[in-house]
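The next block holds one structure in the form of structure tokens; read it before the comments.
The values are calculated or read from the model by the stated rules, or taken from the named source; none is laboratory data. All of these numbers come straight from a predicted model, not from anything done at the bench. Methodologically, a virtual Cβ is constructed for each residue, glycine included, from the backbone with ideal geometry; neighbour enumeration extends over all protein chains shown.
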Amino acid sequence: MNLNKDIGKYGETLANSYLRALGFSILKENFRNRFGEIDIIANKNNLLIFVEVKTRFTKSYGTPSESVTRSKQKNIIKLSKYFLLSKRTLNFYIRYDVIEILLNSNDEDYKINHIKNAFYA
């Protein structure tokens, strides 16, 4: 198994639970096409949120959200437009969020930092 993929999948599971606890419905996980992948697509009260989840054990290479480069943002925006067109979803406001998850290597504790409106189309 690939450790980074396992860590990423675990982080997405934590983010999914976090969003559900806030009352969001999860519409799609790991939505993919040729432009890339969106980790979570959720909605609540006519708000459609495209979420990038970044999970790390340390900030040695910067915060998790710093790894969501402008290029990555552009790919997520392209994917979101494709999703909206393919689902004929028109009655939603949209938002792009990043959820950072910092794991603790000593135990099962973790911190979630939900960055709303992390970037714009």
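Overview of results
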quantity: Residue in region 3-18 that is surrounded by 12 or more Cβ atoms within 10 Å (Cβ to Cβ), closer than 23 Å to F92 by Cα, out of contact with any Leu (no Cβ under 8 Å at 6 or more places or on another chain) and among the hydrophobic types (A, V, I, L, M, F, W, C) present; calculated: yes
quantity: Residue among A42, A21 that alone is among the aliphatic types (A, V, I, L, M) and more than 11 Å from the chain's Cα centre (by Cα); calculated: A21
quantity: Failed item in (1) over 20 Å from I112 (Cβ atoms); (2) over 13 Å from the mean Cα position of the chain (by Cα); (3) hydroxyl-bearing (S, T, Y), with S60 passing the rest; calculated: (1)
quantity: Test for S71: is it of a type outside the set (A, V, I, L, M, F, W, C), outside any strand (DSSP E or B) and either out of contact with any strand residue (DSSP E or B) (no Cβ under 9 Å at 6 or more places or on another chain) or at positive phi (or both); calculated: yes
quantity: When residues of region 85-108 are limited to those that are at pLDDT 90 or above and of a type in the set (D, E), the one surrounded by the fewest Cβ atoms within 10 Å (Cβ to Cβ); calculated: D97
quantity: Cβ pairs under 7 Å, 6+ apart, first in region 89-101 and within 13 Å of A42 (Cβ to Cβ), second β-branched (V, I, T) and surrounded by fewer than 18 Cβ atoms within 10 Å (Cβ to Cβ); calculated: I99/I112
quantity: Only one of I112, I77, I94 that is within 17 Å of the chain's Cα centre (by Cα), assigned to a strand (DSSP E or B), among the aliphatic types (A, V, I, L, M) and more than 19 Å from A21 (Cα to Cα); calculated: I94
quantity: Qualifying residue in region 25-45 (condition: among the acidic types (D, E), in contact (Cβ under 8 Å) with a residue 12 or more places away in the chain and in contact with a Phe, Trp or Tyr (Cβ under 9 Å, 6 or more places away or on another chain)); calculated: yes
